[in-house]
1. First measure r as the distance between the Cβ atoms of Glu3 and Ile234, then evaluate 1/(1 + (r/R0)^6) with R0 = 45 Å and state the FRET efficiency to the nearest 0.05.
2. Rounded to the nearest 0.05, what FRET efficiency is calculated for Glu75 and Glu248 with R0 set to 45 Å and r the Cβ-Cβ distance?
3. Say a paramagnetic label sat at a point 7 Å from the Cα of Asn215, along Cα to Cβ; which residues of the stretch 174-209 have their backbone N under 17 Å from it?
4. Using the basic label-point model (7 angstrom from Cα toward the beta carbon), what is the Gln257 to Asn50 distance in nanometres?
5. Students often get this wrong: which residues of the stretch 92-108 have the backbone nitrogen under 19 Å from the point 7 angstrom along Cα-to-C-beta of Ile223?
6. Expressed in nm², what is the orientationally averaged projection area of the convex hull enclosing the Cα positions of the stretch 188-265?
7. Dipole of the stretch 120-199, Cα-centred, from +1 at each Lys and Arg C-beta and -1 at each Asp and Glu C-beta, to the nearest 20 debye?
8. Can you compute the label reach from Lys18? Point 7 Å from Cα along the Cβ direction, backbone N cut-off under 19 Å, restricted to the stretch 31-62.
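The values are calculated or read from the model by the stated rules, or taken from the named source; none is laboratory data. All of these numbers come straight from a predicted model, not from anything done at the bench. As a convention, Cβ positions derive from the backbone with ideal geometry for all residues, glycine included, and neighbour counts pool all protein chains shown. Ligands, DNA and RNA are excluded from the accessible area calculation, which covers all protein heavy atoms including side chains. Shrake-Rupley method; radii C 1.70, N 1.55, O 1.52, S 1.80 Å.
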Amino acid sequence: MPELRQTALELLACTNPKTKVLGVQKLFDDYHRKIIDLNTLNVLNSRGLNLPGRPLKPELIPPLDVPKRSMATPEGRVSLLHSLAHIEFNAMNLALDAIWRFPEMPVKYYEDWLKVSKEEAYHFSLIEAHLQSLGFAYGDFPAHNSLWEMVERTSDAIIARMALVPRTMEARGLDAVPAIRDRFKQIKDNKVVEILEVILRDEVGHVLIGNQWFNFLCAKENISPIQAYKELAIAYRAPSLRGPFNLEARKEAGFTQEELRLLGT
Ligand SMILES: [Fe+2]
Ligand SMILES: [Fe+2]
């Protein structure tokens, strides 16, 4: 029987976005049909694999070189959607990475990240289909890679990964998406509004999963989540948090009152 974490690694290395999306959906279904094993103890290695597997395009450029996008032009809006597609592509990759890389977690941890990977695959396919309907495709614009860079930087410690990827990088999406959605609402682009609503709803769940596992790891090591986060953010050079914050969504995503109070300080 195929094994969940090994298959997640193979899908992470897969370079074709469409194959990767279909593979993730199939992995989720097969796991829940109980025709995929889960070995939580195996230490897997990625020798010889280029991670994440990705198509030749988009070209990756430093964040500061990404051209400024004006929402006032169709071209600017398409390029914004393209950057969201790239984030969702890497979000799918980061969920697969959380599954294969870190052994010895409870079964629920792997099931949670499998669910995240399936939802990210769906988000990517929604945006990609919309780009296609506008005559564009994933790869047509350059993209920056800061999300994946934080994934790589936190490959040596699951507690850093949980602290800084879902509950820092993905949590920024909770802050950013409502404003983008409202601008598409203004121009009555209902299809994009609908897609962004789905993304926002699911992302609350992803950040919640990050919070739950981060708190689990802190409890296991008997350290304070607030103190641990402070130290990890410095040690791993996390971007500093800048408002405005979507406090309601962050609260729903499991941040405590104390964490919300400390935001941006
Ligand atoms: Fe997503
Ligand atoms: Fe996500």
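1. Efficiency at R0 = 45 Å is approximately 0.75.
2. 0.85
3. 204-209
4. Taking the two extended label points, one gets 5.2 nm.
5. The answer is 102-106, whose backbone nitrogens lie closer than 19 Å to the label point.
6. Averaging across all directions leaves 6.2 nm² for the Cα convex hull.
7. 240 debye
8. 53-58
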